[in-house]
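**Student:** Let me give you the structure first, and then I'll get to my questions.
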Amino acid sequence: MSVDTQYYLIVAAILFTVGATGVLVRRNALVMFMCVELMLNAVNLTFVTFARALDDIGGQVFVFFVLVVAAAEVVVGLAIIVAIFRKRQGATADDLNLLKG
Amino acid sequence: METVVFLLAATAAVVSALGVVMARNPVHSALSLVGTLFAVAVLFVLQEAHFLAAVQVIVYAGAVVVLFLFVIMLLGVDRHEMLDDPLPFQRPLALAAGAVALFGLLALVGGTVATGGFSARGPALSGSEGNVERIAKSLFTDFIWPFEITSVLLVIAVVGAIVLVREGRPGEAEAEDGDGAPR
């Protein structure tokens, strides 16, 4: 027998919330990035769940695009973190107050 | 049987996700992230998304997390995180916001509010063909234009990463160096 759709959605909701709370709580830019990945994965799980529930391959194709965008985002984001680290000697998000008035 | 696998994978995913958030050391966070990604891949397999499960393991666990670990090791930020909080109310507020979001999402899952998209039904998921075949057919017919744009996006990301981390050459004036800090 197969597991009901709702349980997958509950797992995805928990994963998304943990990721979102992590972005708010942690102050290391790298860990914040990992939490964003966590949120993206939760949404991917929702997409796949609905793809099965609605019998529509579009959900799975969309997850494919989300994966590509996530990979590009990681590449650019880590490059930005490396560039910041060269100037500031630290990857804590609170130190980046250059635009503060 | 499927229920048992689901319970194991779901527990592993949630526990590893908590590990990502709570580990003091960024390296431990990255390793917990691998655990979550594997567990989600298992959940993908359970839902007959075999291709995506493989891509998840290869791209995420194989490339993205390795990139994370590279940067952690390169920068040497694997020691400590500043623990004194300039905004003392931020952490409880963040936890409260997370709790509200969780209850909201769970209420959405329980109810039948979000049933909008049924009319936008594409090619069917079930059938005699394999999962990879179906995704390929849909990707290269219905989604060919987004697929091409995706390749442009990847090229832009690669060029952007190179531009961002490139060291300025010695002869070059550091005009883009906003605050004029000495290197």
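The values are calculated or read from the model by the stated rules, or taken from the named source; none is laboratory data. Model, not experiment: these values are computed from the prediction. Neighbour counts run over all protein chains shown; Cβ positions are idealised from the backbone, glycine included. Side chains are part of the model used for accessible areas, which takes the heavy atoms of the whole protein and leaves out ligands, DNA and RNA. Shrake-Rupley method; radii C 1.70, N 1.55, O 1.52, S 1.80 Å.
**Student:** Between chains B and A, what is the buried accessible area in Å², counting both sides, with a 1.4 Å probe and ligands, DNA and RNA left out, to the nearest 100?
**Tutor:** 7000 Å²
**Student:** Would you be so kind as to identify all helices of chain A, as entire DSSP H runs, whose Cα atoms reach 20 Å or more along the helix's own axis and whose mean Kyte-Doolittle hydropathy is at least 1.6?
**Tutor:** Correct list, ordered by number: A:5-25, A:58-88.
**Student:** A further question follows. Hey, any idea what % of the range A:5-95's accessible area is carbon plus sulfur with a 1.4 Å probe?
**Tutor:** Carbon and sulfur together cover 73 percent of it.
**Student:** Now, a different point. Let me make sure I get this right: for the range B:1-77, a, b and c are the square roots of the gyration tensor eigenvalues over alpha carbons, sorted descending. Under 1.5 in a/c it's rounded, otherwise prolate if a/b > b/c, else oblate. Which is it?
**Tutor:** Oblate.
**Student:** Please arrange A:Arg26, B:Arg166, A:Arg52, B:Arg24 by accessible surface area, largest first, computed with a 1.4 Å probe and ligands excluded.
**Tutor:** Accessible-area ranking of A:Arg26, B:Arg166, A:Arg52, B:Arg24, largest first: B:Arg24, B:Arg166, A:Arg52, A:Arg26.
**Student:** Let me make sure I get this right: for the range B:30-73, a, b and c are the square roots of the gyration tensor eigenvalues over alpha carbons, sorted descending. Under 1.5 in a/c it's rounded, otherwise prolate if a/b > b/c, else oblate. Which is it?
**Tutor:** oblate
**Student:** Also, quick follow-up: How much of the accessible area of the range B:1-77, in percent, comes from carbon and sulfur atoms when a 1.4 Å probe is used?
**Tutor:** Whole-percent figure for carbon plus sulfur exposure: 82.
**Student:** OK, next. With every protein chain present, what is the per residue accessible area of the range B:1-77 (1.4 Å probe, Å²)?
**Tutor:** So the range B:1-77 comes to 43 Å² accessible per residue, rounded to a whole number.
**Student:** Hey, what D do you get for the range A:5-95 in µm²/s if you plug the Kirkwood alpha-carbon radius into Stokes-Einstein at 20 °C and 1.002 mPa s?
**Tutor:** 149 µm²/s
**Student:** If you don't mind, another one. Hey, got a sec? Which chymotrypsin sites (Phe, Trp or Tyr not before Pro) in the range B:1-101 land in a DSSP loop and have at most 11 other Cβ atoms within 10 Å?
**Tutor:** Within the range B:1-101, the qualifying chymotrypsin sites (Phe, Trp or Tyr not before Pro) (loop, at most 11 other Cβ atoms within 10 Å) are B:Phe89.
**Student:** Now a separate question. Along Cα→Cβ, 7 Å out, is where each label goes; now give me the distance between the ones at B:Leu95 and B:Asp142 in nm to one decimal.
**Tutor:** 4.4 nm
**Student:** With a 1.4 Å probe and all protein chains kept in place, how do B:Glu129, B:Glu148 rank by accessible area, largest first?
**Tutor:** B:Glu148, B:Glu129
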